[in-house]
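Down below is the structure, laid out as structure tokens.
The values are calculated or read from the model by the stated rules, or taken from the named source; none is laboratory data. What you see is a predicted model, and the numbers here were worked out from it, not measured in a lab. All Cβ positions, glycine included, derive from the backbone under ideal geometry; neighbour counts span all protein chains shown. Just the protein is used for accessible areas: all its heavy atoms, side chains included, with ligands, DNA and RNA removed. Shrake-Rupley method; radii C 1.70, N 1.55, O 1.52, S 1.80 Å.
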Amino acid sequence: NLSTIRNKVLRMGEAFNMQSYTRTEIGRSISDFYLIPFDGIFQSMDEVYAHSTVVDGVTKIIQPDAKPGDVRYVDVNGDGQITEADRVHMGHPQPTMTYGLTNIFKYKNWDFSFLITAQTGGKIYSALGRAIDRQGMGVDINALSRWQNMWFSEADPGDGHTPSALPGGISEEYDNRWLYSSDFIKLKNITLGYRFKLKKGGIVKQLRLNASIENVFMIDAYDGGYSPESNNSSSRISSYDYGAYPQARTFNLGVNVQF
């Protein structure tokens, strides 16, 4: 099975509606992510000075208070500073396609079934990552594994995505460092069963034993939380993850008896 999802705002009472990470406006999908573009980590003061633009004939350093190890942003509107005006649309939380596959195999008295689910085209914002990231809060307690690869020095720049843990290295801006694809493919269920042959005329007409596993494994590229299926927002059309638990892997044994 396969389904596609498209949505567009045709009319609303205000010009737009802003949330922390999203913006809804006429002509676009509901709750588009609206963030400042991340442009890497400053590796030296030369890079800080080089990150400049010309405003009214004067060269202006875009982030004059930055230092090596700090986050660098794109000055989208070219005014020589990083402000809310530099936010741009960066995708939507709703997947554009969801699909699944299921089948049952039978051989003699054995049966085996599986269910695969997947989605593509959506985004998820790790509000958990941003929350413990701000002001260096995440580098001494409850840090995500990303902080193992933080910027330390020009000789040890880390992963090029995680800033320095020093004061000022963490930005308060709503940027896209914590925006991820919510694409995944998941083996949702596998079930193995065996049907016993019984003598005719007995009290028990049919006996079947089965074992199953739910949420077997998932393939995804999300490391801002437990799972791209997580969603703590109050709206079904938004996708913020504040560290929601993933769906539990469960093991079941069953007996089916017919008399």
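Odds and ends about this structure:
- Qualifying trypsin sites (Lys or Arg not before Pro) for segment 2-84 [loop in DSSP, other Cβ within 10 Å: at most 16]: Arg6, Lys8, Arg11, Arg28
- Note, ³J(HN,Hα) from phi for segment 196-207, Karplus 6.51, -1.76, 1.60, rounded to Hz, x at Gly and Pro: 7, 7, 10, 5, 5, x, x, 5, 8, 8, 8, 9
- A simple spin-label model places pseudo-atoms 7 Å from Cα toward Cβ; at Tyr226 and Phe16 they are separated by 3.4 nm.
- Over the chain, equivalent-ellipsoid semi-axes from the Cα gyration tensor in Å: 50, 23, 13
- In sequence order, calculated HN-Hα J values of segment 247-254 (Karplus, 6.51, -1.76, 1.60; Hz; x Gly/Pro): 5, 6, 7, 10, 10, 10, 10, x
- Cβ-based charge dipole, the chain, positive-most Cα from Ser31, Tyr245, Gly57: Tyr245
- Solvent-accessible surface (1.4 angstrom probe) belonging to Phe105, in square angstrom, nearest 10: 110
- At R0 = 45 Å, FRET efficiency that the Cβ-Cβ distance of Leu198 and Ala244 yields, to 0.05: 0.45
- Carbon + sulfur, % of accessible area of the chain - ligands and nucleic acids excluded, 1.4 Å: 55
- Filter on Lys123/Lys188; Lys108/Lys199; Lys106/Lys200 - keep pairs with C-alpha separation over 19 Å: Lys123/Lys188; Lys106/Lys200
- Computed about the Cα centre, the dipole magnitude for the chain is approximately 2920 debye when only Lys and Arg (+1) and Asp and Glu (-1) carry charge, each at its Cβ.
- The residue among Ser164, Gly80, Ala221 whose Cα reaches farthest toward the positive pole of the charge dipole of the chain, with charges on the beta-carbon of Lys, Arg, Asp and Glu, is Ala221.
- Val74 sits with roughly 50 Å² accessible to a 1.4 Å probe, with DNA, RNA and ligands left out of the calculation.
- Two-site FRET efficiency, Ile5 against Phe217, from Cβ-Cβ distance with R₀ of 35 Å, rounded to 0.05: 0.90
- Measuring with a 1.4 angstrom probe and ignoring ligands and nucleic acids, His51 comes out at about 30 Å² accessible.
- Average accessible area per residue (Å²) across the chain - probe 1.4 Å, nucleic acids and ligands excluded: 58
- Amide H contacts of Tyr73 (H built 1.01 Å from N, in plane; Pro and chain starts excluded): Asp39 sit under 5 Å, all sequence-distant by 5 or more or on other chains.
- Label separation (Asn109 vs Ala131): 5.3 nm, computed from points 7 Å beyond Cα along the C-beta direction.
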